[in-house]
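Participant: Have a look at the structure that comes next, please.
The values are calculated or read from the model by the stated rules, or taken from the named source; none is laboratory data. Just so you know, these numbers come straight off a predicted model, no measurement behind them. Counting neighbours? That spans all protein chains shown, and the Cβs are built from the backbone with ideal geometry, glycine included. We work out accessible area using only protein heavy atoms, side chains counted, and drop any ligands, DNA or RNA first. Shrake-Rupley method; radii C 1.70, N 1.55, O 1.52, S 1.80 Å.
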Amino acid sequence: MNDSELLFYNEYEQFYKMTGESKAFAAFCRDAFGQDFSQDGFSDVKQIDRILKYIPDGPDTHILDIGCGNGKMLGYLQERTNAFIHGFDYSGNAILAAQKAFPNRSEFRQGRIGEIDYHAEQFDLVVSMDSMYFAPDMEAFVRQILTWLKKDGVLFVGYQEGDVMPKTENVKTTVLAEAFDRCGIRYEAEDITRETYDLLSGKRLAALKHQKNFEAEGNREWFDLLMLQTDCVTEPFEQFSRKMARYIYVVRKG
Ligand SMILES: C[S@@+](CC[C@H](N)C(=O)[O-])C[C@H]1O[C@@H](n2cnc3c(N)ncnc32)[C@H](O)[C@@H]1O
């Protein structure tokens, strides 16, 4: 399979081209998520700040973001902790932007989940926000991530259901949780579905606020996509939560 045949590959190339140019999208992100990380996911700065406590102090701290996009979230974490930042993503446009924006104490690589590899015990923290879904073999991928972690290192995952992944019963029945179980990996999980409903409601309002700016830039199609992505919050929470869920998983390598 070549890159362009991968799920959403062309869409992400277009997305990261747009985020590099659009002032409307940057302003939308700041309003919707509290910070502009060029989010194509469901994570605001409140979720990202939960990661900080898993980043140890010290000059030799290395953190990895899987599906890092243009690296802005890693840049934010580096600003707060001075960690060495590593990221990979299959989007060439995203990786070029990351390399340009964050040249210090960093390594950004273009590559696909399942193919790209790192040294054993290289990272104190591996984070993946809304990107584990693209693993061709979830069980093999979580085993691989665990080898990349140092002893006591942490894997932190933001994971949505009802979007790319099917909605399952609860936090223990997701494709990711079942892969952890099959690998004998213990995890802690937090259900943040209610918080996500509120976040998506804010995302819809922020998109509407910037509609005219999207249109003035010739980016009406991205505004339409934001409307489509947030259509789910036009229903009350009870209905939303039957179709969608969001969890944070934390694994500590023993
Ligand atoms: C839903 S976005 C999340 C991006 C970012 N982490 C965030 O929270 O906004 C998924 C990211 O994974 C990347 N991606 C998708 N499939 C991939 C794959 N097979 N290998 C590597 N990266 C992939 C996309 O380019 C995109 O940056």
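Participant: Return the long-range amide H neighbours of residue 107 (sequence gap of 5 or more, or a different chain), with a cut-off of under 5 Å between placed amide H atoms.
Facilitator: Close amide H contacts, sequence-distant or interchain: 85, 86, 87.
Participant: May I pose another question? Starting with the highest mean, order 115-123, 240-248 by the number of other Cβ atoms within 10 Å, averaged over the residues of each peptide.
Facilitator: Numbers: 115-123: 13.7, 240-248: 19.1.
Most protected by this proxy first, the peptides run 240-248, 115-123.
Participant: May I pose another question? Counting each DSSP H run of 4 or more residues in the chain as -39500 (n - 2.57), what helix-only mean residue ellipticity at 222 nm follows after dividing by all residues, to the nearest 500 deg cm²/dmol?
Facilitator: -12500 deg cm²/dmol
Participant: Additional query: At a Förster radius of 41 Å, what calculated FRET efficiency corresponds to the Cβ-Cβ distance of residue 115 and residue 237, to the nearest 0.05?
Facilitator: 0.55
Participant: Determine which lysines satisfy two conditions relative to residue 167: a Cα distance under 19 Å, and not lying fewer than 8 residues away in the same chain.
Facilitator: Reachable lysines: 243.
Participant: Just name one of 140, 226, 201: the one whose Cα is farthest towards the positive end of the charge dipole of the chain (beta-carbon charges, Lys/Arg +1, Asp/Glu -1).
Facilitator: 201
Participant: Testing the spin-label approximation: label points 7 Å from Cα along Cα→Cβ at residue 60 and residue 164. State their distance in nm.
Facilitator: 3.4
Participant: Something else: Considering the dipole of the chain built from charges on the beta carbon (Lys and Arg +1, Asp and Glu -1) around the Cα centre, which of 81, 51, 71 is farthest to its positive end?
Facilitator: Looking along the dipole axis, the top candidate is 81.
Participant: What's the carbon and sulfur percent of the chain's accessible surface, probe 1.4 angstrom, rounded to a whole number? Could you put the intermediate results ahead of the total?
Facilitator: Values: 5820 of 11950 Å².
Reported share for carbon and sulfur atoms: 49 percent.
Participant: Helix check for the chain. Which DSSP H runs span at least 18 Å along their own axis by Cα, with a mean Kyte-Doolittle hydropathy no less than -0.5?
Facilitator: none
Participant: Which of the peptides 149-161, 185-197 is most tightly packed, and how do the rest follow, going by the mean number of other Cβ atoms within 10 Å of each residue?
Facilitator: 149-161, 185-197
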